[in-house]
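The structure appears right after this line, and notes come after that.
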Amino acid sequence: MAGVFSYESSEIDWCEDNYKHSEHVAEFFNTISSFFFFIISPIMLYLLHPYAKERNLAIHIVWVMMIFVGLFSAYFHMTLSFVGQMLDELSILWVLAVGYAVWFPRKFFPSFIKDRWTFARLVLVLTVITSVSSFVKPTANAYALNCFGLHLLYTLIVEMRCCTDQKALRLAKLSVALWVLAISCWISDRFGCSFWQRLNFCYLHSIWHILIVIAVAYGTTLIAYLDANYEIPYSLPGLQFWPCDKWAVGLPHIVLKDCSQ
Ligand SMILES: CCCCCCCC/C=C\CCCCCCCC(=O)N[C@@H](CO)[C@H](O)/C=C/CCCCCCCCCCCCC
Ligand SMILES: [Ca+2]
Ligand SMILES: [Zn+2]
């Protein structure tokens, strides 16, 4: 039993050299880059608050859980233990589940689902079953999780096909570009390690951590914006960038022009 907690008990080992910078931390840069989740999550909680207050406070669960994703990711890369791997992957699965439950567009619901509450209960049942199944072949979990990324991409493309809002279209292009860059780093670290070792540059998984958390910030704001236009159109949702709307870089957020109704 203790074996599952022990260092390197996971079958997965990322490209970064182990114990190069500390005898207690297996993958130093992969561990510290996980702390990026702690920086972005509280800012996103703050930025999404006006929208969540108007729509549903349960939306905050997504970014509260992202803090745990960062925590478990840091623990996994520090120990490369089996427990660390499962906590990292299961926390991602549950963030995705909450995201789908609160944001998945009603028009894509299966025909036998009548309302969001029933859809959320279906997501809960499927997530419990998937969580149990994830112990059957743990090495396949990360690939299964990336399939959700592909499904989100597909949903976004269908949603944006008839969108004429230039700010939303720009945000969609930025989210997809960040996700493509992030997933390229993840795949390259996984399958091209010997090449990167020859170049003495084994930090692609750390770069993935940073890019994916920004992609999720952009992607979730876009989904929340489309949701606000559909569910609370009277609040006249708009998109802005923080800290300054005129800057080329920043975090996107929703501004509600009329919260009086
Ligand atoms: C309508 C549905 C809305 C859903 C909202 C989704 C909200 C959050 C989604 C995902 C969180 C991703 C967190 C990534 C954590 C990275 C930790 C990590 O590096 N883990 C690795 C091991 O260290 C592990 O191998 C990674 C596995 C792959 C995870 C893939 C997750 C899917 C990401 C989907 C991102 C969508 C971005 C939107 C772009 C259009
Ligand atoms: Ca390693
Ligand atoms: Zn990682």
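Here is how the numbers come out for the structure above:
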{"read-out": "Surface share of carbon and sulfur [accessible, 1.4 angstrom probe, percent] for the range 28-258", "value": "73"}
{"read-out": "Sites residue 9 and residue 169, calculated FRET efficiency, Cβ-Cβ separation with R0 45 Å, nearest 0.05", "value": "0.45"}
{"read-out": "Efficiency of FRET between residue 57 and residue 21 - r from beta-carbon atoms, R0 30 angstrom, step 0.05", "value": "0.15"}
{"read-out": "Length released on extending from residue 132 to residue 118, taking residue separation times 0.36 nm less the Cα-Cα span", "value": "2.9 nm"}
{"read-out": "Rg/Rh for the chain, where both radii come from Cα atoms and Rh is the Kirkwood radius", "value": "0.98"}
{"read-out": "Rg/Rg_globular for the range 119-212, with Rg_globular taken as 2.2 N^0.38 Å and Rg from C-alpha atoms", "value": "1.37"}
{"read-out": "Cleavage-rule hits (trypsin sites (Lys or Arg not before Pro)) in the range 66-155: DSSP loop, at most 14 neighbouring Cβ within 10 angstrom", "value": "114"}
{"read-out": "Tilt relative to the chain, helix 141-160 - C-alpha long axis, 0 to 90 degrees, to 10", "value": "20"}
{"read-out": "Where the Cα pairs of the range 36-91 fall when distances are cut into 10 Å bins, in %", "value": "26, 41, 24, 10, 0"}
{"read-out": "The range 26-164, accessible area per residue, ligands and nucleic acids excluded (1.4 Å, Å²)", "value": "49"}
{"read-out": "Point-to-point label distance, residue 184-residue 146, nm (Cα→Cβ direction, 7 Å offset)", "value": "1.4"}
{"read-out": "Spacing of the two label points (7 Å from each Cα toward its C-beta) at residue 244 and residue 157, in nm", "value": "3.7"}
{"read-out": "Inter-part distance where the range 78-132 and the range 216-243 are each reduced to a Cα centre, Å", "value": "22"}
{"read-out": "Within the range 1-20, backbone nitrogen closer than 16 Å to the virtual label 7 Å beyond the Cα of residue 199 toward Cβ", "value": "15-17"}
{"read-out": "Extreme residue, positive dipole direction of the chain, given options 131, 119, 163 (C-beta unit charges)", "value": "163"}
{"read-out": "Ordering of 8-21, 126-139 by packing [mean C-beta count within 10 Å, highest first]", "value": "8-21, 126-139"}
{"read-out": "Contact order normalised by residue count of the chain, Cα under 8 Å, 6+ apart, percent", "value": "22"}
{"read-out": "Whole-angstrom Cα spans of the range 174-261 along principal axes, big to small", "value": "60, 25, 14"}
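The values are calculated or read from the model by the stated rules, or taken from the named source; none is laboratory data. All of these numbers come straight from a predicted model, not from anything done at the bench. When we count neighbours, we look across all protein chains shown, and the Cβ atoms used for this are built from the backbone with ideal geometry, even at glycine. Note: accessible area is taken over every heavy atom of the protein model, side chains too, but ligands, DNA and RNA are not part of it. Shrake-Rupley method; radii C 1.70, N 1.55, O 1.52, S 1.80 Å.
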